[in-house]
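Have a look at the structure below before the remarks.
Every number here is computed from the coordinates shown, using simple stated rules; none is lab data. Just so you know, these numbers come straight off a predicted model, no measurement behind them. All Cβ positions, even for glycine, are placed from backbone atoms using ideal geometry, and neighbour counts span all protein chains on display.
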Amino acid sequence: ERNQADVSEAKSGRTDLIFLIRFRHCCLLRNQRCLLAYLYDRLLRIRALRWEYGSVLPSAIQFHMSAEEVEWFNRYKKSLATYMRSVGGEEGLDLTQDIKPPKSLYIEVRCLRDHGEFEIDDGTTILLKKNSQHFLPRWKCEQLIRQGVLEHVLS
Amino acid sequence: MSDSYFPVGPGLGMEENFLSLDDILMSQEKLPGRAESALPRLAVLLGQGAGSAESVPEGSKLEIPLWLAKGLHDSKRRIISVELPKIYREAWRTVFSADANVVDLHKMGPYYYGFGSQLLNFENPENPEIAQTDSVCFLQTFIARFRRIMDSSQNAYNEDTSALVARLDELERALFQVGQKGLNDFQCWEKGQASQITASSLVQNYGKRKLTEVDG
């Protein structure tokens, strides 16, 4: 508001106030730049979350995100899913799997915390208790390993 | 987190990246300057006067941050004139040409290279010579220091690197970290850990932070 008062004063004749308006304008631009950079950085981190963590975010993280950020995340998820479906064959290609080149189909995992029951493709359920070790197919547990529930054990 | 998070990097040469956090921090550094004309009502904002109607007299010295200097610097130079900070002047150039490895660039302003590139934006009357000697000077200090940075980053595995890193400015620190990361990745591959799927560092940090939130 102070800037606008000065602008009207300047237009009415006092030309030496122009720099003051310019100064305030610089400050406003600077604030705008800092805010934009902060918000953009948050978006970049949220995008990284999708690749690291999976498509469902824990509620504590979602609590810290604003409504617009949640909506942006959902839209990004949808675009990524559409893209993955269109690439490679009929069923599509899950790009978030196999981030490191796989060496074998089945891997040995140890459970780090209780996660309840876990069902695999042939129908058997496995109870995931702390410190229990299992020999499971890779594609099923990759998500859980990244989330920190399981730990990949090298033999 | 470190794998998929790609922050906006700093700009190259004379341009800054608008959204880069590094550039924003760098442009916060202060420059000495002089007020060319009387600046009414600015005294309060710059912390020099008591009343709101006072004006900063003509010719007084000011320390202003780079972003403000860039905004107020007009081609007709009516408002602010900018001087080079002392580290970019003759005296220091001789120090650099003698031995660039000795200088503590972090203490001299942690953004030596970036800030220096930005200074070329101001049309100073002596600018063409300064630009020439400046760019030559930058290159040479950089080349002289680079060898040591590269050596130390590739050979310090699992050690405390704070003593090495303390004298580097931000650009050099970024290079050092890239070197370290390469070294760590290679060691990881040698040990056979390259195929091991790990929890993302984000998840690990989140786990630690969650505990403190519950307590506090």
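Tell me the Kirkwood radius of region A:106-152: reciprocal of the mean inverse pair distance over distinct alpha-carbon atoms, in Å. Display every interim value, and only then the final one.
Values: mean 1/r = 0.0963 Å⁻¹.
After inverting the pairwise mean of 1/r, the radius is 10.4 Å.
What's the ranking of A:142-149, A:62-69 by average number of surrounding C-beta atoms within 10 Å, highest first?
Going from most to least packed, we get A:142-149, A:62-69.
Which order do the peptides A:21-27, A:113-119 take when ranked by the mean count of other beta-carbon atoms within 10 Å per residue, highest first?
By packing density, highest mean first, the sequence is A:21-27, A:113-119.
Count the net charge of all other residues whose Cβ sits under 14 Å from the Cβ of A:Glu69, scoring Lys and Arg as +1 and Asp and Glu as -1.
+3
Summing Lys, Arg as +1 and Asp, Glu as -1, what charge do residues with Cβ under 13 Å from the Cβ of A:Lys78 carry, A:Lys78 excluded?
+3
On average, how many beta carbons from a partner chain sit within 10 Å of the beta carbon of a residue in B:22-31?
Across B:22-31, the average partner-chain Cβ count within 10 Å equals 1.
Which of the peptides A:77-87, B:142-152 is most tightly packed, and how do the rest follow, judged by the mean count of other Cβ atoms within 10 Å per residue?
B:142-152, A:77-87
Determine the alpha carbon to alpha carbon distance for each of A:Lys129/B:Lys191; A:Lys77/B:Lys191; A:Lys77/A:Lys140; A:Lys140/B:Lys191 and list only those over 31 Å. Could the numbers behind the result be given before it?
On the way: A:Lys129/B:Lys191 29 Å; A:Lys77/B:Lys191 35 Å; A:Lys77/A:Lys140 20 Å; A:Lys140/B:Lys191 26 Å.
Checking Cα-Cα distances, A:Lys77/B:Lys191 exceed 31 Å.
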